[in-house]
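Accompanying notes for the structure given below.
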Amino acid sequence: MNILFMNDILNWFKYNFWWLLIVFVLLFVLYLVIRLQKQPSKKVEKPVEDEKIDEFIKCYGGIKNIKQASIDGRRLKVSLVNVDNADLEQFKSLGATGIFISGNNIKMVLPYDMNKLVNKINENIDGGKL
C-alpha cells in the first residue's frame, strides 16, 4: 500500500512539476513582501546647529586638542592629542550615546547629521583652509 501511494505521488509530480515551481515562486514573493515591510524607515537626522558645533569643540578640549574628525559607520570618530582634556559628561548632555575611547580616539553615536560637524571641525583644524 505504501509503495503504491509513493508511486502515485511520484507519478503525479512527474507530470505536474510546474505546480512546485508556482509554489516556490509564490513563497519567494511572500518572503520578499515580508522582508520589505520589516525594513526600518530611514530616520531623517537634523543637522547640527552652529552653537552645538562650538560646544562639541570645547568638549574635546579645544581645537588645538583635535587632530582629525571623521565618520566611522554611524559613529563620529575624533582623534585627539590628549584624551584627558575631553569632557565626556558634557558629550552626554549634547545627546551623544555609545561613547567609546580607544587610545587617543573617541567614537560616539550622535542624533544629528554629522557631516556638517565633521566638516566644520576639520575646517577649523586646518585654519579655515579645507
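Couple of notes before you dig in:
- The range 115-127 residues that are farther than 11 Å from Lys67 by Cα, paired with ones that are acidic (Asp, Glu) and modelled with pLDDT under 85 (beta carbon under 9 Å, 6 or more apart): Lys116/Asp50; Lys120/Asp50
- First in the range 68-85 and more than 14 Å from Ile121 (Cα to Cα), second anywhere and assigned to a helix (DSSP H, G or I), Cβ under 8 Å, 6 or more apart: Val81/Lys64; Val81/Asn65; Asn82/Asn65; Asn85/Asn65
- Residue count for the range 52-98, restricted to those that are surrounded by 13 or more Cβ atoms within 10 Å (Cβ to Cβ) and polar (S, T, N, Q): 6.
- Taken across the range 27-46, residues that are in contact with a helix residue (DSSP H, G or I) (Cβ under 8 Å, 6 or more places away or on another chain) and either within 15 Å of Ile125 (Cα to Cα) or not aliphatic (A, V, I, L, M) (or both) do not occur at all.
- All positions within the range 108-130 that are of a type outside the set (S, T, N, Q) and under 18 Å from Glu45 (Cα atoms): Met108, Val109, Leu110, Pro111, Tyr112, Asp113, Met114, Lys116, Leu117, Val118, Lys120
The values are calculated or read from the model by the stated rules, or taken from the named source; none is laboratory data. For clarity, every value in this text was computed on a predicted model and none was experimentally measured. Glycine gets a Cβ as well: all are built from the backbone with ideal geometry, and neighbour counts include every protein chain shown.
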